[in-house]
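Q: I'd like to ask some things about the structure below.
The values are calculated or read from the model by the stated rules, or taken from the named source; none is laboratory data. Please read these numbers as outputs of a predicted model, since none were measured by experiment. Here the Cβ positions follow ideal geometry from the backbone for every residue, glycine too, while neighbour counts run over all protein chains shown. Ligands, DNA and RNA are stripped out before the accessible areas are found, and what is left, the full protein with its side chains, is counted by its heavy atoms. Shrake-Rupley method; radii C 1.70, N 1.55, O 1.52, S 1.80 Å.
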Amino acid sequence: MHPAVVPYLSGQASGAMPLWLSMRVCGETADAAMMRASRHYLPLASEQREDGGYGRFHSMDSQDKTPRQFRTTEQAVQRMRDLMLPPDDPVILRAEWALLSYTDGTLAYSDRIEHHPDFDIALSSMAAANASALGSVDERVERRKAVCAQYVSSAAEVIASGKDYITAWR
């Protein structure tokens, strides 16, 4: 990166979050306290539930009319990624705990409304993928990745052999 880029971006960024993001992108030390006081971060902290989630994990609850910015934990995780929050941020740590707990079954999903076969396996994989996206290197995530890779490889072999796709999916 050209040496003039960092000072230029720092001079152009106005507000806590734009300054935070420009510093993070440029690899500079950013002021986490100022970022955590921003209007972009505060909903992440205030809407997070005791279990680390944000209500349902994957599917929005259409019956819940509570006004909030994040309707699912996945939406909140996406915001955390967009804001480039560090792995040791309090909301990241609590969300990671919830996602890993979904992955290993110690925390029950609140959105079991899907009715296709093996949805619990898919949901566990999605929780592990979200934890990985937040930077988790926990063994539960790595195990889930290995299982998914094995399934994809096996399915690819079955499909390449000309067998039934439904059999490959199962």
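Q: Filtering region 9-36 down to residues that are open to solvent by 70 Å² or more (accessible area, probe 1.4 Å) and among the small types (Gly, Ala, Ser), which residue is modelled with the highest pLDDT?
A: Going through the qualifying residues, I end up with 33.
Q: While we're on this one: Out of (1) open to solvent by 80 Å² or more (accessible area, probe 1.4 Å); (2) under 30 Å from residue 123 (Cα atoms); (3) modelled with pLDDT under 80, the odd one out for residue 59 is which?
A: Condition not satisfied by residue 59: (1).
Q: Of the residues 68, 79, which single one is closer than 19 Å to residue 38 by Cα and at pLDDT 90 or above?
A: Being closer than 19 Å to residue 38 by Cα and at pLDDT 90 or above holds for just one of 68, 79, which is 79.
Q: Separate question: Does residue 107 qualify as being closer than 30 Å to residue 15 by Cβ and either open to solvent by 70 Å² or more (accessible area, probe 1.4 Å) or without any contact (Cβ under 8 Å) to a residue 60 or more places away in the chain (or both)?
A: Here the answer is no, as residue 107 does not meet what is asked.
Q: Tally up the residues in region 8-47 that are touching a Lys or Arg at 6+ places or on another chain (Cβ under 6 Å) and free of Cβ contacts under 8 Å to residues at least 12 places away in the same chain, please.
A: The total comes to 1.
Q: Among the residues of region 131-141, is there at least one that is β-branched (Val, Ile, Thr) and surrounded by 13 or more Cβ atoms within 10 Å (Cβ to Cβ)?
A: Yes, that holds for at least one residue.
Q: Touching a Pro at 6+ places or on another chain (Cβ under 8 Å) and open to solvent by 80 Å² or more (accessible area, probe 1.4 Å) - does that describe any residue in region 65-82?
A: Yes; the residues of region 65-82 include at least one that is touching a Pro at 6+ places or on another chain (Cβ under 8 Å) and open to solvent by 80 Å² or more (accessible area, probe 1.4 Å).
Q: Taking into account only those residues within region 150-168 that are touching a helix residue (DSSP H, G or I) at 6+ places or on another chain (Cβ under 7 Å) and closer than 18 Å to residue 125 by Cα, which is modelled with the highest pLDDT?
A: Step by step, filter region 150-168, then rank; the result is 155.
Q: Could you please find all residues in region 29-88 being hydrophobic (A, V, I, L, M, F, W, C) and in a loop (DSSP other than H, G, I, E, B)?
A: Passing the criteria: 30, 37, 57, 60, 70, 83, 84, 85.
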